[in-house]
Amino acid sequence: MRSNPSEYEMAAPGSLHATVSLLAREPGVWIPIAGGTDLMVQYAAGKLPSRKLVSIWNLPELRRVEVAAREIRIGAGCTYTDLRANQVVGGEFPLLHIAARWTGSVANQNRGTIGGNIVNASPAADSLPALLVYDAELILVSVRGERRLPYASFHTGYKKTLLAADELVRAVCLPRRFAGHFSHARKVGARNAQAISKVCIAALGRLADGVVDDVCIALGSVAPVPLRLTETERTVRGKVIDSDLLLLAKKAAATEIRPIDDIRSTARYRSAVAGNLVAEFLNRLNSERIGTERGGAKEVLAKWNCLPLEKAMESILPCCGSQAWVRGMVARRPLSNESALLAASNETWHNLTPADWMEAFRSHPRIGESRPDDSLSTQSRTVQSVEWSAQEQRTVADSEAAVKIALAEANREYERRFNRIFIVCATGKSAPEILDILQQRLRNDTETELQETAEQQRQITEIRLRKWLQG
Amino acid sequence: MTDSRQSRARAEISFVVNGQARTVHAYPMERLIDVLRQQLELTGTKEGCGEGECGSCSVLIDGVLVNSCLVPVLQVQGSSVVTIEGLAAGEKLHVLQQAFLECGGAQCGICTPGMILAACHLLEGRLEPTTEEIREGLSGNLCRCTGYRQILEAVAEAARRRTAA
């Protein structure tokens, strides 16, 4: 049943002060509307609780992010696109950045606001578990003044909140103390994109001396409100992560959540998945420790996540000489750990065109030639990539003259046949082994060989990314 | 946005549409898509789902991609709106329109205006988008005919031509 617009009023006072004055004059009568991504759907279905709306879209007081020393204050009118573009959110609050990326389509991210998401109070909203784990606080405003309260207390029941009839959410405040934490987000839905979650998790953790020192876990779609799993957190805090602890954590999570059957999923499925998501987070947290001990991977990534675009591109280019890959990787920031980095790289690489692949292939020197051929030089070759190539091909450089000559000959044949240089992931392979591989690959048809070359480049990139993480 | 009339009457709302200043008399809660199609007779913008899921009503407001079925017209007061009708320069098609035509990116045509505007928004921000970036840029636009492949090719082709030009 479509609503008749002639029955509705809308005010657009243009300032925060005028808006809260209007709300105070007739409390509960005026519905604030920002980008309309939720309310216009309810309007179309004739389900709005009132016929008077007040537009708060683009109110300057609500659409800014203030960065203070101890916290950032995100205006309630900031859109998901604003959040995705914000460097501090990207660098220090990756879970919120990821949730913004997951929320709806580009068009909806351009209009949907964080304040709208909070007030709409859907238990399935992707950004709300992130706010819970970052210990967010809300600033609410009315003509009576401002008040500040923990976000965790704001949702009191299904679509019920502590917002008074004359109040607006002004800002969300996030304390800047989580930059060193391991963070993990996962959304389980019918599809990867444009799907409302069946269950989603946002979690943060930090280990010290091998035990869980700090941990925050929140789930969406498992209760009438976005839920912080305080019992589960208590169960794992101070403990070593092992298989026994995973079982205890799953059990604790099962007692805390209150999932239901609905159109998207069943209580039973949600319960099983919630336990698995908690266990997966703890496992990742544990392997992150092992990774961190190997080097300052996390610091390298945290720094890279905050770099300006050009610098970030320049930094990662030696790992793979395709400009499209570099852009894809930079666009996927923030990446919080090695496994996220490698997964992002693989996905980006597989989605490139053969022309982009070729660009990466061209950035390597011919195998057996320590110095790259200048006639093949490209802007994608860097001092670092030349040095890495030399390391990777060391066994070839040190091999016997006869093998080198055979390799040079086979290289020439390969180039005549496929019109590009031979690429192989040389790390850990001896010169005779490489010669053998080269001769086998000369028998491939064009398409098979292209795919094989792309796979070899993928392996080289993976090894280089690991080196790059060492800083 | 300073209009604060609260009576249930039509408001006078002025905005720029495809480069031309226009003033409409509309109820503030009329959806932008209805005003575009009915009052301004710009029927290139299509309605699919009417709830922001399918992207067929996509237009640009101040250069930003939005679903016009979710925008109350009062909120475009003073803004600049671009619809599919605003892309071609007279008889000369926009590079995206030409590429869609040649790559078979349009079949039944309902999603096409939205697809092209979403692609337009994407290409504004990215000089040479990767396939993945194109997929993400068009992720809110559903097509039930093409299987998307030709659409992705059309956008990549348009990006190439623009770079070459």
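Table for the structure above
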| quantity | calculated |
| --- | --- |
| Share, in percent, of DSSP beta bridges within the protein assembly as shown that are antiparallel, nearest 5 | 85 percent |
| Chain A - percent relative contact order, Cα under 8 Å, separation 6 or more | 10 percent |
| Amide H within-cut-off set for A:ILE72, under 5 Å, with H built and near neighbours excluded | A:LEU174, A:ARG176 |
| Reachable lysines, given that their alpha-carbon falls under 17 Å from the alpha-carbon of A:LYS250 and they are not under 8 places away in the same chain | A:LYS239 |
| Estimated 222 nm signal from helices in chain B, with DSSP H stretches of n ≥ 4 weighted -39500 (n - 2.57), rounded to 500 | -8500 deg cm²/dmol |
| Crossing angle, helix A:297-306 versus chain A [Cα axis fit, 0-90 degrees, rounded to tens] | 60 degrees |
| Residues in the stretch A:47-74 that a label on A:ILE263 would reach, taking backbone N under 17 Å of a point 7 Å out along Cα→Cβ | A:47-48 |
| Residue pairs, from the table A:LYS429/A:LYS467; A:LYS187/B:LYS46; A:LYS159/B:LYS46; A:LYS47/A:LYS159; A:LYS311/A:LYS467; A:LYS159/A:LYS198, whose Cα atoms sit over 22 Å apart | A:LYS187/B:LYS46; A:LYS159/B:LYS46 |
| Relative contact order [Cα under 8 Å, 6+ residues apart], the stretch A:182-294, whole percent | 23 percent |
| Taking the stretch A:305-469 and dividing mean pair separation by its residue count, relative contact order in percent (alpha carbons under 8 Å, at least six apart) | 25 percent |
| Helix A:243-256 vs. chain A, principal-axis angle (Cα, 0 to 90°, nearest 10) | 30 degrees |
| CD proxy at 222 nm, helix term only [per DSSP H run n ≥ 4: -39500 (n - 2.57); per residue of chain A; nearest 500] | -14000 deg cm²/dmol |
| Inter-chain shielding of B:130-138 (mean C-beta neighbours from other protein chains, 10 Å cut-off) | 5 |
| Packing-based ranking, highest mean first, of B:113-119, A:38-44, A:196-202 given that Cβ atoms within 10 Å are counted | B:113-119, A:196-202, A:38-44 |
| Mean Cβ neighbour count within 10 Å, used as a protection proxy, ranking A:51-62, A:388-399, B:87-98 highest first | A:51-62, A:388-399, B:87-98 |
| Overall form of the stretch B:5-61 per C-alpha gyration tensor (a/c, 1.5; a/b vs b/c) | oblate |
| Cα shape, the protein assembly as shown, gyration tensor, a/c 1.5 rule | oblate |
| Shielding by partners - mean other protein chain Cβ count within 10 Å, residues of B:24-30 | 5 |
| Förster radius 60 Å - calculated FRET efficiency between B:ARG22 and A:GLN391 (Cβ-Cβ, nearest 0.05) | 0.40 |
| Listed peptides A:342-352, A:115-125 by packing density, highest first (mean Cβ within 10 Å) | A:115-125, A:342-352 |
| Shielding by other protein chains, A:39-45, mean Cβ within 10 Å | 5 |
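Bear in mind these aren't lab numbers, they're just calculated from the coordinates by the rules spelled out. Bear in mind that the values here come from a model prediction, so they are computed numbers and not experimental data. Ideal geometry is used to build each Cβ from the backbone, glycine not excepted, and the neighbour counts take in all protein chains shown.
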